[in-house]
Amino acid sequence: MNVDFGNMQLQPSLNIVKDATVDGVYADYAGEVIHYTIAVENTGNQTLTGVTVTDPFISDLQLVADAASSDGELDVGETWHYTASHTVTQAEIDAGTDIMNTATADSDQTDRTPMMLPSRSIKIPR
Ligand SMILES: [Ca+2]
Ligand SMILES: [Ca+2]
């Protein structure tokens, strides 16, 4: 049996968006917590499975459990949300360098080019 898919091409695609917030404009003391929200959207035309988000800088990355994520499949047009945080260290304050981190999203269907998000920086006062 032949099935004609016409010109339909499978184009798996992910988009990742991240935001970082901290009380006030700056991370200005050790122990202050930076909160991250990460959203991963299926911008292609194929259901994505095995979706992972990694960020070596933050340790408590958690998928928000909801109707969209509960089936383990990131459907076309669907967005999964993640939360994470980082507690500012004295060493980071002393270094005076903006706190940057980079999240990467991947899936079974998009394994050739993991989607990397440009670093989002939190300023440390100088
Ligand atoms: Ca602050
Ligand atoms: Ca789903």
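General remarks:
- Filtered residues of the stretch 32-74 (kept if surrounded by 13 or more Cβ atoms within 10 Å (Cβ to Cβ) and charged (D, E, K, R)): Glu32, Glu41, Asp55, Glu73
- Condition check for Ala91: away from ligand 2 (no atom under 16 Å from the Cβ) and not in a strand (DSSP E or B): yes
- Residue pairs whose Cβ atoms lie under 9 Å apart, separated by 6 or more positions or on different chains, with the first residue in the stretch 56-82 and at pLDDT below 95 and the second within 16 Å of ligand 1 (Cβ to nearest atom) and polar (S, T, N, Q), are Ile58/Ser85; Ser59/Ser85; Asp60/Ser85.
- Matching entry among Asp23, Asp28, Asp60 (being over 18 Å from Ser107 (Cβ atoms) and away from ligand 1 (no atom under 16 Å from the Cβ)): Asp60
- Filter result for Glu41 (among the acidic types (Asp, Glu) and away from ligand 1 (no atom under 16 Å from the Cβ)): yes
- Just one of (1) of a type in the set (A, V, I, L, M, F, W, C); (2) assigned to a strand (DSSP E or B); (3) within 16 Å of ligand 2 (Cβ to nearest atom) fails for Ala65. It is (2).
- The one condition in (1) within 16 Å of ligand 1 (Cβ to nearest atom); (2) hydroxyl-bearing (Ser, Thr, Tyr); (3) touching a strand residue (DSSP E or B) at 6+ places or on another chain (Cβ under 6 Å) that Thr79 fails to fulfil: (1)
The values are calculated or read from the model by the stated rules, or taken from the named source; none is laboratory data. Not measured: the values here are computed from a predicted model. Reconstructed Cβ throughout: ideal geometry from the backbone, glycine too, with neighbour counts over all protein chains shown.
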